Structure formats: structure tokens, C-alpha cells
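The values are calculated or read from the model by the stated rules, or taken from the named source; none is laboratory data. Just so it is clear, the model here is predicted, and its values are computed rather than measured. For neighbour counting, all protein chains shown are included, and Cβ atoms are generated from backbone atoms with ideal geometry for every residue, glycine included.
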Amino acid sequence: MSPLQLNRRVVMSAVGVAAAAGLVFACQTTRPKTTNLAAGDVASKVYIAPGQYDEFYSFLSGGFSGQIAVYGLPSGRLLKVIPVFSQNPENGYGYNDESKEMLQTTFGSVPWDDSHHPELSQTDGIPDGRWLFINANNTPRVARIDLTRFETDEILQIPNAAGGHASPFTTPNTKYIVSATRFSVPIGAKRDVPIASYKENFKGTLSFITADQPGKMDIAFQILMPGYNYDLGHAGKGPSEGWFFFTSYNSEEAYTKLEVNASQNDKDYVAAVNYKKAEECVASGKAKPMPATYYHNYTDPKSRIATAEKKTSVKVIDPRDCEGVVYYLPTPKSPHGVDVDPTGEYIVAGGKLATVIPVHSFTKLTKAIEAKQFDSTIDGIPVLKYDAILAGEVQKPGLGPLHTEFDGRGNAYTSMFISSEVVKWKLGTWEVLDRMPVYYSIGHLMIPGGDSKKPWGKYLLAMNKITKDRYLPTGPEMAQSAQLIDISGDKMKMLLDFPTIGEPHYAQAIPASIIKERSLKFHNLAENGNPHAVRAESETSISRTGKTVHVGMVAIRSHFAPDNIEGVQVGDTVKFHVTNIEQDWDILHGFAVLGANTSELILQPGETRTLTWVPKEEGIYPFYCTDFCSALHQEMSGYIRVSPAGSAVALVANISPKARAQMTGGAAASATKGSK
Amino acid sequence: MTKLSRTLLAAASVLLLGAFVLPLWRIDLLAPQYPEGLGMLIRINTVTGIKPNDLANINGLNHYIGMKPIEPDAIPELRIMPWVVGGLAAFGLLAAALGARKLLYGWLGGFVTLAIVGLIDFWRWEYDYGHNIDFEHAIIKVPGMTYQPPLIGTKQLLNFTAASWPALGTVCLGVAFALGVAALVVARRRGANVKRASVAMAVAVAACAPPGPQAIADKGRSCDYCRMTISDERFGGQLITRKGKVYAFDAIECLASYYLQNGVAGDGSSLWVADFANPGHWVEAKDALFVRDDAHQSPMGLNLVAFSPDADKAAIGQAQGTTMRWQVVLALVQNQHGTSPDHPEAPGVAR
């Protein structure tokens, strides 16, 4: 044995003895536990114990479901689906008499839409949790959701528009939300034109919508733009407050095979709108009223009945008449998202086909405007010089940059669709700091408050477009996938996958504490303003007006009153006005009738809803409560007798004697005879 | 040519026909969005997807970058190749029947020429697809980017990693060529006997066998069983699958545990252990001699070291313990570890 070998053996023995305790059982026990601990560490970050609450409410758009899904973060638990642009048989939204006018448009009732971007109302640039707005892309509309009730209260149709995509982003005090056209179309009286006359006849519009007063959403003004596709937008804040930025693509003005023909130019434009200037233009009469029909639908909070109001005119600003309202910022290439950092200085555009992420500087932008550093002018809109406004470019960020949000600590996070990752980079130095692969093909990402002045930069939610093998398979059509990432440290950490409804295009989130305490538990029956409300069992009623039968019904554990109705005839229209007279938290009732050609009603405590039913055949029809309410829920049912048209069976119901006594007129007289 | 030589050539010629049923080349396109895989197979007379619609999907993706669609009907070589390979097989059979050594030379010469021409032509097509980009209509344009897939090996093409490797058909061709060489060896030596031919065949087969063991204690690689970083290769082991995928282990007992759990016998995998006396050398587990010697503190604590069967007795003698064979090691590990509920979940072996 050489001295070297001896030496080696001695050293190895020493190391061995020292490490023995840790190593001998390493294969058997130590390692697996460590592994579990590591997994447990991540699990504990998203684990909300039974009965405990999540830290954030998050609102994910439903995309082609037309709705909004509310999830708790970090658990990823689904809390509620809020119906907005699509009828929702689950609770009767858009089916019952009270809510169906919400879906009214100039095209008639549109019972579905493609909801894209939730946007929380803001105060001083910070989400305040009063309302949530969301846009409809297919038939351009914007909606207001009240966050004490998580219900859609107001929908405004956008005229002179198609593809309401760049919407409904808010200004820092929710004075305006916006809607810009993804599809340019002919505007005004002459709309029957050849498609090939695109360049001549097709226009885009940027709509500014007053939003700070419920029930009063209206189009303050529209700006008439060249016929590009306006894709997304964000308001300036801090120093850039008063400005709004919209991306556009298809500056080629292609009208066929857009995937190729609209991808030719190396740069398209971000439109920078000085909306204070626009207000001045409107005030000085430079905005021209244009005939345009559109609907404003509003649910009065007292009656909880939606009414649809048709509007006929809109104010339109042509940038040629109003200098300084709009500038174009050249931006590579087919930009999608445009996001303003919390300081308001940097305007980040995600050129989905670009190889860099360009960042514009608001300071430079204002200087370039003062110095008139223009390349050209398009339809009265000066095009600024790219180099004059550029703050920097993030080099080699990945492939397919789309959207950027901020953590409030000087970092930006950009979603990369093609390379399927989230890339963290530093504002100012533009260096890439970290990358996190996401599964698969991310669209939007969201940090709570990440588009505002004050991000709550703890989590990042990646909303992915492709699911494939992430969950147990469910056939060809699968839920889309969201992934929660911890961004509190230097390196991003993947925490959780959870499936979503529809296709979440974007989301907003806010600390639960801001909304939780304001959440309504039930409606005060005394304040129920529905004209058909029945506040007590003694007020139930039945009456006939021609071929329409009105039933004033109550629902309370565990019965309906009345629950026996006779004298309805084939061909009658029966209106069941059902009031849930419970005044107790989370005691809802449902109401469904055999063969009804509409959805059930779901009745919140203290609420009145109306189901319209046209019986087509004689017979006995049961109705029952669909929302399990009580121990005798199964007993909560009743019968309606339907007789042939012209039958002599009198209209009667087992309404209370007091109600009978109070009823007057022929219908009431027949109603008091009692059942035959 | 001897009878054996003619038999070998005939076998080689028949083996060429394998190229008619097995793909010649395989190009995998790896990207996060394709967990299920995406790729194509180049066959003797066509190009197909690995899965039924892969080719159409690849062409769909390629339109974004302005690459022209891959249309097998537009590649004349795919119509010629069956005749070329078929002709080579027929010629080989003829040469075997006639037993003329010159024909065997001709066959081998033709084979080499066709192989070189074929590979150059394949590269030329890849070059054409990768460089002949319709920039006017391309949607995604990355300055300076071309999309030529590699002939052999891997290459990053935007978000895809393209991996191009010979497939079983080409392995058949390679073995056929090796048999042809063997036939030549046998034919050249009149006194050639079966043993010599066997050696030649063994060489030929070995040429097609999966790659041998490799160094594993590099770049902080971790054990595929216990996940510890492999710092000292001398105690290590590795499992090489039929396809050549290498699983590395920091200790012989980890290799044994993995083997016991995953039961990879009979699928062509091979198990290797480090020759303790001869660093950098690997011995097949079934041949190795194992010594359990507490003076050698192996990372996992069973203190097993392995030696080559023809290792010098003195070297083994330095190890102070009884020598044992692989089956005994497996039994030992089974007793020590096999019933423990705390096993880490080792990934299954790709088959």
C-alpha cells in the first residue's frame, strides 16, 4: 500500500465516520422526507385550511363563456361565476323578466358574448373594490358589476364599433373606461360598401365612457381613427395621468388573410391619446354629434328590474379637427398588450411578433411632442420618431411577448406565448432577471394591482391557452389552465395549477379585506321595489288581464303560497312573480315549472323574480323549489291545473283569506270562490 | 467466396429490406406546448408524422416562419430510393448466388457510395427547407434566423428543439453493411472458420449496440434513485436502456434498488458498475465481483465496491470482505431496502 493510498483510506474513513449518521439511512428515510418537506412547503403556501379565507379575490374573465369567474387566491378555489353577457340558466339571469333587458342591443337580445378583460374601478390609481367592469368583444359592450352583490347592474353598447377588444381599461379615478375597436368597419350613414374599399371607408374608434356613477354610463366621446385594429389599452398614471395608450396592429389595413397581410410592417403603432385635450375639444364644440343607435341597460338596485334605454347620438372627434389629441408611437411588431408601470413613466408594449420588448418613456414622449419630432402624419395624427421616445428595449426576452404587469419593486413580468414562459425583467436596466416556464402557451398574466399605481406584488397568475396533459383528461375539450407563481422573492416559484371556466383572457385581483366586509347578505324585503313584490304570505294574489294570468307568490321554508292554482287555460301567459320573503343569510329558493320554455328562477332572500310560462296542453303541472333550502325542501312544491281554452273552470288559488278580502275586481271575485 | 461468406452476404441483402418497413430517420420537435411529442419519420418512399397528423401540424407551424410545406410527393428521391435499396438487395443476392468476390467488392463499394450520396442529398433537402424561406409572407421573422434541422443531433429552432437521429431502418442498413464487411473478411481468408466469422459478426452487432457506459460524475449530476449529487464515480453504477438512455447512480446499492423496483430485465437494458480498482472503467454488473468492505465508505452506506472479474487478485485482496456476485448483491439490497416504505419515487425506465 502506497502512502498515498493509505492517506486516502484514512481520509475516507474519517469522512465516513463524520457523515455516517446522515448517510447510512439516506436512501431509506432522510431523502424522501426532505422531498416531502419541499413539496409541503409549496403546498402550505396555497393551503387554506377549512373555514379560513383566501388572501385575495381574483376575477377571471370567462372568455367565450361570456361571464366572470371569481377565485380565491392563493388557493385557486372557485367562489362564484358572475353572469354578465351570457344567459345563465343556473340562476335565471337573462331569462327571467327582471334581468332579460340587460342583454338588449340594437341587434335585439344578444344572449352570449366573448368577455375579455375584467377591470376594477380605481381611486387615485389604486383598485378600490367598488365595481368591476368587463367588455364584450363580439357585440361591443361594457358592463359594470357591483361588488357588494357580485351582480351585473349595467351594460352599455358601443356604437360605431366592431370587436370591442381594447376595453374596458380605466382612468385612475374611474372617470372613464374605454372601448376601442379591434375590427374597423365603415362608420356613419354609408355602411354598405365593398370590402375592398377598406382603406377608404373603414375606420376605428376609441370610445371614452363615463363610468364613475352607476346607472349613468354613457359615451363621453369617440375619436375617429385610421382603420387599424386597436387591440389593448391602459391609462397613464402619476405624471402620465390624462393620457391613454392603445396598441394597434394591421397598420397595413389588410382586410383578408390578416395573419400574413397584417404582419408585413416592421412597426405598427401605439396610439397615445391626451384625453384632457379631447375634453377641451368637446367643450369647445369641435366634437361633432353623429347619429348612432345603441342601448344602455340598467338594473335599478331598488326594483332590481333592468330597463333598456335606446340612445341615438354620439359625439365624435376627428383628430384632424383637434390638434394634440392623438399621437402615434411606432412600436414593433403587431403589438398586443400596452402596459404602464406603477410610476407612470414607462409604457411597455408587447410586440407579439417582435424580438425585443420596446419600452417608451413618457418624459421623452412629451419632449418629442414639444420638439415636433415627427416622422409623418396619418389622418391628422403625428407619428413620433421611434428613437426619440424609446426608453429602452429588453433584448432576447423570449418569443411572443404579449402582456406585462409590475410588482411595485421595479420589476416587470412579461408573458411569452410562443416560448411559453413568464420573463421577469428590470425596469430601467432592461435586463432579464428570471424565467419561469408555464404550461402551456400563456396569454395574459396578472399580479394583484399589477396594472395600477400600487401592486400587491406577492403572486402572479399565468393564464394559459393550452392545457393538454396538465389534468386528468376530459375528452377533446378541456378546461383551460391557470398557474399561480410566487413572486415575493428574487426567483419565481411555481405554486399551483388550477382549471378555469371558459377562456380567461385577463384577470384582476384585490385583497379580500377590501371587499369582504361590504358583501351583502340579503336584500331588505321592506325596500324591495319590484311592483309585483309580495312582502308577506297575506299579500299573495292571483288575477287575470285578458289572456295573462299574474300570480303573486311567496317562497319561504318550506312552501310556496299559493301552491294550488286552477283556472289557467291553454294559450294563457302565466306570470309567476315569486318573492323569497326570507330575511336570513344564504337561504335561497328556486322555482321551476314542468315544461316551461325558460330557465328556473333562483331567488335571493328578499328578492322578487318573474317566470313567464305559456302552457300548451291541458293537465296538471307541478312546480317546485330547485335550491335545497331546508329539511322539508322536497315538500316545497305545488300544482297548477291547466284547462282547455274557453273552459269554465274559474281562476282560483289558495291565497290567504286576507289577500282574498283585499283583492277587488272580477279576477279577484272569481279567485275568492275557492277550488272546485 | 466461402459458403459462410455467401450466407452472410445473402443475409445482409435480405436485411436491407428492413428499410422498406422501418423508418430511416426520425426528427423530433420538442417544445413545451407539445408534451405529447411532435415529429416526423423519413421512410424509404415517404415522409410521415410520428403520430398520424404530425406532418400536417408541422406544416401548419412552419407557415408562420415562411417555410414551405413538406410534401412527400414533391421529393423525387422518395420515388427513387426504393429502387436503389431494392436494387442493392437484389445485387447482393445475385453476388451471393454467384459467389464472385468482385461482386462483393462492388456491392460494398456501391453501398458506401449510395450512403454518402443519400446523406448529402438529405442534408441538401434540410438546407433547402431551412433556408429557402418565403420572407415576404413569413409572419414571424427573426433576423439572421434559419431553420435547417440538424442531420444528426439537436438544434434550437425558435421555441422548438429539433432532434434528428437515424431510425431503425438505418440501423438495419448499418448492420447489413457490417455483415457485408464480415462476408468480405471471411471471403478474403480462405481458411476462415466459423469463429472468425462470429468475431466479425460480433463486431458488426457491437457496432449497432447501444452506447456503452459513460462518465457520470460530471456537472453535478444527481443519482436517479436517491437524488444525491454524484461526487465520486468509483462507487457508482449506471443503467443503459436499449434506446441508449443512461440512468446514473451514486452507489451500487442505488442501482440495485432501482433495478429491483423497476424490473427492467429482458428489455435489452444493461447494468454497469464502476471498476473500483480502475477508475473510469465500467464492468457489466452480471460479470463484476463485489466486495462489501467497511473500509470503503460508499455514499449510501452499504460500502459495496465492484471489481472487474479479471482484476488482479491483489487489488481485490486489499478489500477486506467476502467477494460476491450481482445476484447476491440484489438479494442483500432487497433485504436491506426492498421492503422499506420510504423509497423515493424513482421514475420508470423508458422502454
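Determine, yes or no, whether A:Asp231 is surrounded by fewer than 18 Cβ atoms within 10 Å (Cβ to Cβ), charged (D, E, K, R) and touching a residue at least 60 places away in the same chain (Cβ under 8 Å). Walk me through how you get there before you give the answer.
Values: surrounded by fewer than 18 Cβ atoms within 10 Å (Cβ to Cβ): no; charged (D, E, K, R): yes; touching a residue at least 60 places away in the same chain (Cβ under 8 Å): yes.
Considered against the rule, which asks whether it is surrounded by fewer than 18 Cβ atoms within 10 Å (Cβ to Cβ), charged (D, E, K, R) and touching a residue at least 60 places away in the same chain (Cβ under 8 Å), A:Asp231 comes out as no.
Name the residue that is surrounded by the fewest Cβ atoms within 10 Å (Cβ to Cβ), counting only residues in the stretch A:262-277 that are away from chain B (no Cβ under 14 Å) and either of a type in the set (S, T, N, Q) or closer than 22 Å to A:Phe202 by Cα (or both).
A:Asn274
All but one of (1) of a type in the set (A, V, I, L, M, F, W, C); (2) surrounded by fewer than 19 Cβ atoms within 10 Å (Cβ to Cβ); (3) under 20 Å from A:Pro111 (Cα atoms) hold for A:Ala306; which doesn't?
Looking at each condition in turn, A:Ala306 falls short on (2).
Could you pull out the residue among A:Gly443, A:Gly410 that is under 23 Å from B:Phe160 (Cα atoms) and either at pLDDT 95 or above or touching a strand residue (DSSP E or B) at 6+ places or on another chain (Cβ under 6 Å) (or both)?
A:Gly443
Inside the stretch A:136-228, counting only strands (runs of 3 or more DSSP E) that do not spill past its ends, which hold 1 or more residues that are in contact with a His (Cβ under 9 Å, 6 or more places away or on another chain) and not aromatic (Phe, Trp, Tyr)?
Result: A:151-157, A:162-166, A:176-183, A:218-226.
What residue, of A:Glu252, A:Glu259, A:Glu241, is free of Cβ contacts under 8 Å to residues at least 12 places away in the same chain, surrounded by fewer than 24 Cβ atoms within 10 Å (Cβ to Cβ) and either away from chain B (no Cβ under 14 Å) or out of contact with any strand residue (DSSP E or B) (no Cβ under 7 Å at 6 or more places or on another chain) (or both)?
None of the other options fit; the residue is A:Glu259.
Could you please let me know if A:Gly489 is within 18 Å of the chain's Cα centre (by Cα), part of a loop (DSSP other than H, G, I, E, B) and more than 14 Å from chain B (Cβ to nearest Cβ)?
no
Considering only the stretch A:600-620, how many residues are buried (at least 20 other Cβ atoms within 10 Å of the Cβ) and either of a type in the set (Phe, Trp, Tyr) or more than 19 Å from A:Gly552 (Cβ to Cβ) (or both)?
1
Scan the strands (runs of 3 or more DSSP E) fully inside the stretch A:349-464 and keep the ones with 1 or more residues being surrounded by fewer than 19 Cβ atoms within 10 Å (Cβ to Cβ).
Working: elements: A:356-361, A:374-378, A:381-384, A:390-395, A:401-406, A:411-416, A:421-426, A:432-437, A:442-446, A:459-464.
Once the strands (runs of 3 or more DSSP E) in the stretch A:349-464 are filtered for at least 1 residues that are surrounded by fewer than 19 Cβ atoms within 10 Å (Cβ to Cβ), what remains is A:356-361, A:374-378, A:381-384, A:390-395, A:421-426, A:432-437.
Does the stretch B:126-141 include one or more residues that are surrounded by fewer than 18 Cβ atoms within 10 Å (Cβ to Cβ), under 20 Å from B:Ala12 (Cβ atoms) and away from every other protein chain (no Cβ under 14 Å)?
no
Determine the pairs where a residue that is among the hydroxyl-bearing types (Ser, Thr, Tyr), located within the stretch A:641-661, has a partner that is in a loop (DSSP other than H, G, I, E, B) with Cβ atoms under 9 Å apart, the partner being 6 or more residues away or on another chain.
If the second residue must be in a loop (DSSP other than H, G, I, E, B), the pairs left are A:Ser643/A:Val570; A:Ser643/A:Glu618; A:Ser643/A:Val649; A:Ser647/A:Val570; A:Ser647/A:Glu618; A:Ser656/A:Ala536; A:Ser656/A:Thr540; A:Ser656/A:Pro562.
Do you know which residues across the stretch B:37-85 are among the basic types (Lys, Arg), in contact (Cβ under 8 Å) with a residue 24 or more places away in the chain and assigned to a loop (DSSP other than H, G, I, E, B)?
As a first pass, look at the stretch B:37-85 and keep what is among the basic types (Lys, Arg): B:43, B:51, B:68, B:79.
If we keep only those that are in contact (Cβ under 8 Å) with a residue 24 or more places away in the chain as well, we get B:43, B:68, B:79.
Passing the criteria: B:Arg43, B:Lys68.
So which residues in the stretch B:159-177 are outside any helix (DSSP H, G or I) and within 13 Å of the chain's Cα centre (by Cα)? Give the derivation first.
Applying the first criterion (outside any helix (DSSP H, G or I)) to the stretch B:159-177 yields B:159-167.
Passing the criteria: B:Ser164, B:Trp165, B:Pro166, B:Ala167.
Residues in the stretch A:626-634: is at least one among the small types (Gly, Ala, Ser), closer than 23 Å to A:Ile602 by Cβ and out of contact with any Cys (no Cβ under 8 Å at 6 or more places or on another chain)?
Yes.
Take A:Asn201 and decide whether it is buried (at least 18 other Cβ atoms within 10 Å of the Cβ), at pLDDT 95 or above and over 30 Å from A:Ile389 (Cβ atoms).
Judged against the criteria, A:Asn201 is a match.
When residues of the stretch A:242-275 are filtered for being modelled with pLDDT of 95 or more, assigned to a helix (DSSP H, G or I) and β-branched (Val, Ile, Thr), how many remain?
0
Quick one: in the stretch A:278-303, of everything that is out of contact with any Pro (no Cβ under 9 Å at 6 or more places or on another chain) and assigned to a loop (DSSP other than H, G, I, E, B), which residue is surrounded by the most Cβ atoms within 10 Å (Cβ to Cβ)?
Filtering the stretch A:278-303 for residues that are out of contact with any Pro (no Cβ under 9 Å at 6 or more places or on another chain) and assigned to a loop (DSSP other than H, G, I, E, B), the one surrounded by the most Cβ atoms within 10 Å (Cβ to Cβ) comes out as A:Ala287.
Could we say that A:Ser86 is without any contact (Cβ under 8 Å) to a residue 60 or more places away in the chain and not aliphatic (A, V, I, L, M) here? Please lay out each step first, then the result.
Working: without any contact (Cβ under 8 Å) to a residue 60 or more places away in the chain: yes; not aliphatic (A, V, I, L, M): yes.
Here the answer is yes, as A:Ser86 does meet what is asked.
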